[in-house]
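Worksheet: one structure, shown below.
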Amino acid sequence: MPPTEHVLVLALMLFCIGAVGVLVRRNIIFILLSLEFMMNACALVFVAAGAKWGQPDGQIMYMLILAIAASEVAVALGIVIQMARRFRTLDVDAASELRE
Amino acid sequence: MTLTDLWVSFPLIVLVGGTLVLMIGVSIVRTHKLALGLTLLTLILSVAAHDIALENITTGYELFGLLNVSGIQVFFNVLFLLGAIVTALFAYPYFNERMERCEEFYILLLTATAGAMVVAAATHFASFILGLEILSISLYAMIAYPRESHQPLEAAAKYLVLSAVASSAILMGVALVYAASGTMAFAELNISPESGERSYFLLGQALICVGIAFKLSLVPFHMWTPDVYQGAPAVVTGYVATVSKGAVIALLINYVQATEVLSYTGVFYAVVFVAVASMIVGNLLALLQTNLKRLLAYSSIAHLGYLLIAVLVVNTARPELVLETVLLYVAAYFIITLAAFGIVNLTSEHATEDNEQMEAYTGLFWRNPLLASVLTAVALALAGIPLTVGFIAKFYVFAAGVEGTAWALVWALLIGSAIGVFYYLRLIYTMVKQVEPGAAALPQVGTQSVVAVTVLGLLIVVLGVYPTPMIDMIRTIVQASGF
């Protein structure tokens, strides 16, 4: 098994890629994809930490994250479909009526 | 699982059971009245079930190592349930006018409330994350609920992306803390200063704090608040502003009392900065607003900054004073905010879009004295003027800040409040102005939820003039919980 620190560095890199994706991408599908990146980076740390401490908790948290990410995406896609229907685009900048 | 476990978790079981009944009921008969009735019944039964739960706990009851139920949690839970009852009452006329099918809204309302109750009682990161996600995911759908219009959809998309980023930050923080300390229970989180893993333990704590600040919409993580408050239907905005924030505040106070997170100097000063920035920036930006919902959004940012003072003095002031302050402030904030959004909701009951521009309230005193009086009470209470419940709450925060010798925070509170008075009084001034002839008439308001708004308005004044019963009750609860 690789040392925990290596996994942590990898996971933090994945997390940052996801965070940058959320900030830079304008297409809502890609934003959701980047969010998935961030969630799964967290799941990776949990698995590594669980292995390090020899506890099942890390993997239980991994399952929890899978369930959370799935339900979040389900609702998110519902909103995406409505957005595509109402705004006729998936560009988040097109949906910016809320200003002062 | 023992019988006592069952009785202590009974309120949650009732709530979730009611949700299932409603879900099945709605799929068989689609009647808006029935859905509302079942929702109210479930919420009231769950409030009543807290009585049974209280009989089975002494100072606090550890449930499955995940939740801790004490008098304080019961207080928060009852507050969330009452908030949900008021929201359901406001939602009925609002959606009845606008939409064909709206029964699912009540299912989401119940699941969100269940999530909030879990978050408030969490003593373990697993229950915290699970509760938080149940709450947030229900909120996404609630915000986007009037799916025909553009603004709620945009608000939901923004809230979804930013809230999911905040959730990932919390998750990453929890994962790092777990990797460093080997536990996820709040009470056991600790790490010796010499440990080589301290660096990522602190990084994890910082990420958790960032995520919580996002959820509480504190500066500099407040960008989503005005947009979501404006875009969401007024009913949902009231719910987001009260229950979802109340739950995170309850969690935060649990967390800082169980762990030593605020004794790390770096984290402490970061939170002080966030609190001061929220109080000042929130109030300054509120000055510029012409939209009532956005104004309330910025005012809520400032108010959570005030509340953070009580959290920050947790290590220097008496713990019972800290808890009393938090409980009192949250209760007052619930009453005031629900009344405020209740009025926005009432005045826009028959409009296609929410009636939220400040001009729409010009001369409200001459057109609808009752609503104008309640809105005046709300504005005065938000400003913290004496004889309203807002003053009592602010006074408690002030006292806690002074006892904790947090002078910078107390100064920020004073400066923020001084700026705040200006725009709250401007709102009152707008309402007193004479209506120009030819101005668009205010929509006729229905009688159903006028009662709820009036009761909330009366509570603001009555609890402000005679707060002793409420203060005594909160003191008893805090003492019974072992402080």
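Data table
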| quantity | calculated |
| --- | --- |
| Unit charges at the beta carbon, dipole of chain B: most positive-side option, B:Ile44, B:Leu375, B:Ala206 | B:Leu375 |
| Exposure proxy ranking, count of Cβ atoms within 10 Å, fewest first, for B:Tyr178, A:Tyr62, B:Tyr106 | A:Tyr62, B:Tyr178, B:Tyr106 |
| Sum of -39500 (n - 2.57) over DSSP H runs of 4+, divided by residues of the protein assembly as shown (222 nm, nearest 500) | -25500 deg cm²/dmol |
| 5 angstrom amide H check on B:Gln357, placed H, neighbours 5+ away | B:Leu292 |
| Unsatisfied cross-links (Cα-Cα over 22 Å) in the set B:Lys158/B:Lys245; B:Lys394/B:Lys433; B:Lys33/B:Lys293; B:Lys158/B:Lys394; B:Lys33/B:Lys215; B:Lys245/B:Lys394 | B:Lys394/B:Lys433; B:Lys33/B:Lys293; B:Lys158/B:Lys394; B:Lys33/B:Lys215 |
| Relative contact order computed over region B:1-139 (Cα-Cα under 8 Å; 6+ residues apart), in percent | 28 percent |
| Kirkwood Rh in Å, taken over region A:4-93 so that all alpha-carbon pairs contribute | 14.2 Å |
| Cβ-based charge dipole, region B:263-483, positive-most Cα from B:Ala310, B:Ala399, B:Leu346 | B:Ala399 |
| Relative contact order (%) - chain B, alpha-carbon pairs under 8 angstrom, separation at least six | 15 percent |
| Charge context of A:Phe87, other residues only, Cβ under 12 angstrom, K/R +1, D/E -1 | -1 |
| Pairwise centroid distance, computed over Cα atoms, of region A:18-44 with region B:312-352, Å | 34 Å |
| Point-charge dipole on Cβ atoms (K/R +1, D/E -1) for chain B, about Cα centre, debye to 20 | 680 debye |
| Sequence-distant residues sharing a close amide H with B:Leu63 (under 5 Å, placed H) | B:Asn68, B:Val69 |
| B:Val21 paired with B:Leu34, simple spin-label distance in nm, labels 7 Å along Cα-to-beta-carbon | 1.4 nm |
| Charge dipole magnitude, Cβ of K and R +1, D and E -1 - the protein assembly as shown, Cα centre, debye nearest 20 | 820 debye |
| Longest DSSP-loop-exposure-free segment, trypsin sites (Lys or Arg not before Pro), chain A, at most 10 other Cβ within 10 Å | A:1-87 |
| For B:Thr242, net neighbour charge (Lys/Arg +1, Asp/Glu -1) across residues whose Cβ lies under 15 Å away | +3 |
| Charge tally in the Cβ shell below 14 Å around B:Ala332, where Lys, Arg are +1 and Asp, Glu are -1, B:Ala332 excluded | +1 |
| Region B:263-483 pair-distance distribution - Cα-Cα, 5 Å bins, rounded % | 1, 7, 14, 18, 18, 15, 11, 7, 5, 3, 1, 0, 0 |
| Leading residue at positive end of dipole, region A:4-93 (Cβ point charges), from A:Ala51, A:Phe30, A:Leu8 | A:Phe30 |
| B:Leu458/B:Arg101 FRET efficiency (R0 41 Å; Cβ-Cβ; nearest 0.05) | 0.75 |
| Equivalent ellipsoid, the protein assembly as shown (semi-axes from 5 times Cα gyration tensor eigenvalues, Å) | 35, 28, 25 |
| Average Cα contact separation per residue, region B:263-483, under 8 Å, 6 or more apart, as relative contact order % | 29 percent |
| Packing-based exposure ordering (other Cβ within 10 Å, fewest first) of B:His50, B:His150, B:His303, A:His6 | A:His6, B:His150, B:His50, B:His303 |
| Lys, Arg +1 and Asp, Glu -1 on Cβ, resulting dipole of region B:263-483 about Cα centre, debye, nearest 20 | 240 debye |
| Residues B:Asp472, B:Asp227, A:Asp57, A:Asp91, sorted so that the one with the fewest Cβ neighbours within 10 Å comes first | B:Asp472, A:Asp91, A:Asp57, B:Asp227 |
| Calculated over chain B: convex hull of Cα atoms, volume per residue (Å³) | 130 Å³ |
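Quick note: the coordinates plus some simple rules give every number you see, no bench work behind them. Quick caveat: nothing in here was measured; it's all calculated off a predicted structure. Cβ coordinates were reconstructed from backbone atoms using ideal geometry, including for glycine residues, and neighbour counts include every protein chain displayed.
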